[in-house]
């Protein structure tokens, strides 16, 4: 399996062909008829990707239209070695998609006056916790942290990875949860140095982990509790957790990574959360993330979640432009804003935790959202998401390719 085949697939997305059909969650044929039509269009694309790219795992897909979850399906394998199929309710580590939940929590707490997004965060830190001088060249605020504009490195100096060197010599970057204890994380803040000038965009897991830690300190509540009470419960997200139960962990598929040195696939275990979370470590399902997008695609629904229209606008306002994945993007609080050709603006985020990958994307103009989760390598998820998004936009417009 060649990584170049994944990348070439995104360029081949325009070759998708289908008959015209407009999408509507209130279709005259009812929800079942709409789901059947989507099955006819979406399933062949996913199955073709699994076959063409010789992928070991599977894909879990959810599609939202007009705030309704109109399609959900799973394809491929949960465990190639055991031969088990991927279930629609499979639980995935969603990597950096976690950041969008952290941003929503920050805005919601700001709306209540628990935190100030523009105040120096040192006011919330306990005595004895210090930041390396290079991290504080400009005031460190939640707003700059949540828009990757602090100039901080991707990860903290005290992060360690589990030693999982595989038979082919590949060693994935799976984080050691012990290095994310609160004590270790706070110790690392004094040791970690900035890598870019302040206010220059620089993607930082450290910045989001630190922002989440500040939310915990300011509210006196852990991220697990904040997520459960402020987002999961109001939206009915039963499977979105930092620390899943044993029963839930039994639904996590095996993870597969691609060693790019030799194009070999290796199996790796799922990530496990340490004490400090917020930049990653969240688990969820396609169905839960679909319900999450059903809220995010609607301004009023998002405003109800975070505390009002003023705060909804703050969450999704672009702050800085950057180049990501060779295309121009704009950075909101966690969310990235892109233009999908002539089909308009989408807000999106990807997540990568070695062996499991996630993508969420939503068009507010079209009121259309896509969730794509996989236990295949990252490039496969990115390439397939482009195919599916293009097909959905064209279907929604009633166009034929």
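The values are calculated or read from the model by the stated rules, or taken from the named source; none is laboratory data. Computed from a predicted model, the values in this text were never measured in an experiment. Cβ placement follows ideal geometry from the backbone for every residue including glycine, while neighbour counts extend to all protein chains displayed.
Consider the range 224-239 and keep the residues that are free of Cβ contacts under 8 Å to residues at least 60 places away in the same chain and buried (at least 20 other Cβ atoms within 10 Å of the Cβ). The one that is nearest to residue 126 (Cα to Cα) is 232. Condition first: in contact with a helix residue (DSSP H, G or I) (Cβ under 7 Å, 6 or more places away or on another chain), closer than 23 Å to residue 351 by Cβ, assigned to a loop (DSSP other than H, G, I, E, B) and modelled with pLDDT of 95 or more. Can you find one or more residues in the range 117-132 that meet it? No, the conditions are met nowhere in the range 117-132. A residue that is more than 24 Å from the chain's Cα centre (by Cα) and part of a helix (DSSP H, G or I) can be found somewhere in the range 52-69. Considering the range 93-116, and only residues there that are touching a strand residue (DSSP E or B) at 6+ places or on another chain (Cβ under 8 Å) and not in a helix (DSSP H, G or I), the residue that is farthest from residue 305 (Cα to Cα) turns out to be 93.
Filtering the range 54-69 to residues that are touching a helix residue (DSSP H, G or I) at 6+ places or on another chain (Cβ under 6 Å) and surrounded by fewer than 23 Cβ atoms within 10 Å (Cβ to Cβ) leaves 67, 69.
Among the residues making up the range 137-148, none is modelled with pLDDT under 95 and either surrounded by 20 or more Cβ atoms within 10 Å (Cβ to Cβ) or not in a loop (DSSP other than H, G, I, E, B) (or both). May I ask you to verify whether residue 121 is closer than 27 Å to residue 319 by Cβ and crowded, with 16+ Cβ neighbours inside 10 Å? Taking the combined requirement at face value, the residue satisfies it. Kindly provide the set of residues from the range 170-221 that are in contact with a helix residue (DSSP H, G or I) (Cβ under 6 Å, 6 or more places away or on another chain) and either assigned to a loop (DSSP other than H, G, I, E, B) or modelled with pLDDT under 95 (or both), ordered by number. Once the filter is applied, which keeps residues that are in contact with a helix residue (DSSP H, G or I) (Cβ under 6 Å, 6 or more places away or on another chain) and either assigned to a loop (DSSP other than H, G, I, E, B) or modelled with pLDDT under 95 (or both), the range 170-221 yields 193, 194. When residue 275 is tested against (1) out of contact with any helix residue (DSSP H, G or I) (no Cβ under 9 Å at 6 or more places or on another chain); (2) over 23 Å from residue 59 (Cβ atoms); (3) modelled with pLDDT of 95 or more, exactly one condition is not met: (1).
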